[in-house]
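Here the structure is laid out as structure tokens; the discussion comes afterwards.
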Amino acid sequence: MNMKFIRLSKNRGSTLLELLVAMTVFSVIMTLAVAAFLNIVRTKSYTSIMKNTQYKVRLSTEIVNRLSREASRVYASRDVSGGNYLELYYENEETLDFTALRFEITENQELMLYECRLALSLDSCPDDDWINPVTIIGDEYIVDSSKSYFVIRGGIDSVLEFGLKVATKDSENYSQYYSDEVIVKTSSVLEGLK
């Protein structure tokens, strides 16, 4: 009886070299995919931060412009230490009371808002009476006090020019800042001046 062995498959399997090539190609493809994914996540985070910065700066300029247009008196000054001030005085004609607000770009690189505790007239609030500071731009933002300003220009209509340069702090490492900055320059006619 003659027995023949039948070979069921001619597949010999993979060699070690073929396996290493396949693993290398897979590793390269996965590395590229992970790098692309991380880049997309980083870009999305950065875009979100810049969008929030732009919103904060736009809102701040709108607040300054709206309040300055309604003021009865407006004073802008630049302090020798680099701080910028904008003082707004309001008169309530019914009660003859005075109210004052002060925007200040501080040495700490913040935009602050103060109110006057005791405004005696339309042009006077003692330095010690500015109270209730509110940080409008600060915390995770930096206001460049050398490039931000309040200027009042005279003429037929007085105009407030307001410039603001704001950088965003890196949310992961607060010692570094994004290179992109938001710069806004705006003008507003001071309608309520007396």
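The values are calculated or read from the model by the stated rules, or taken from the named source; none is laboratory data. This one's a predicted model, so the numbers in the text were calculated from it and none came from an experiment. Virtual Cβ from ideal backbone geometry, glycine too; neighbours counted across all protein chains shown. Ligands, DNA and RNA are excluded from the accessible area calculation, which covers all protein heavy atoms including side chains. Shrake-Rupley method; radii C 1.70, N 1.55, O 1.52, S 1.80 Å.
When every residue of region 43-53 is checked against the conditions, none turns out to be open to solvent by less than 80 Å² (accessible area, probe 1.4 Å) and either part of a loop (DSSP other than H, G, I, E, B) or over 23 Å from Val166 (Cβ atoms) (or both). Contact annotation: residue pairs with Cβ atoms under 9 Å, 6 or more positions apart or on different chains, pairing a residue in region 149-168 that is without any contact (Cβ under 8 Å) to a residue 40 or more places away in the chain and farther than 16 Å from Ile136 by Cβ with a partner that is open to solvent by less than 60 Å² (accessible area, probe 1.4 Å) and in a loop (DSSP other than H, G, I, E, B), are Asp157/Leu190; Val159/Leu190. Scanning region 125-133 for any residue that is open to solvent by 20 Å² or more (accessible area, probe 1.4 Å), within 20 Å of Lys51 (Cα to Cα) and either at pLDDT 80 or above or of a type outside the set (D, E, K, R) (or both) turns up nothing. For region 139-152, the candidate set comprises residues that are hydroxyl-bearing (Ser, Thr, Tyr) and modelled with pLDDT of 80 or more; within that set, the residue that is surrounded by the fewest Cβ atoms within 10 Å (Cβ to Cβ) is Tyr149.
Restricting region 95-124 to residues that are surrounded by 14 or more Cβ atoms within 10 Å (Cβ to Cβ) and of a type in the set (S, T, N, Q), the residue that is nearest to Val184 (Cα to Cα) is Gln109. Screening Glu91 on (1) on the phi < 0 side of the Ramachandran plot; (2) assigned to a loop (DSSP other than H, G, I, E, B) shows it passes everything except condition (2). Where residues in region 153-183 are open to solvent by 60 Å² or more (accessible area, probe 1.4 Å) and part of a strand (DSSP E or B), which of them is modelled with the highest pLDDT? The residue in question is Ile183. Within region 110-124, the residues that satisfy the criterion of being more than 13 Å from Ala71 (Cβ to Cβ) and modelled with pLDDT under 85 are Arg117, Leu118, Leu120, Ser121, Ser124.
The sole residue among Asn84, Asn92 that is without any contact (Cβ under 8 Å) to a residue 12 or more places away in the chain, open to solvent by less than 80 Å² (accessible area, probe 1.4 Å) and in contact with a Ser or Thr (Cβ under 9 Å, 6 or more places away or on another chain) is Asn92. Screening Val64, Val34 for residues that are surrounded by 15 or more Cβ atoms within 10 Å (Cβ to Cβ) and among the aliphatic types (A, V, I, L, M) leaves exactly one candidate, Val64. Within region 12-31, the residues that satisfy the criterion of being in a helix (DSSP H, G or I) and surrounded by fewer than 10 Cβ atoms within 10 Å (Cβ to Cβ) are Leu16, Leu17.
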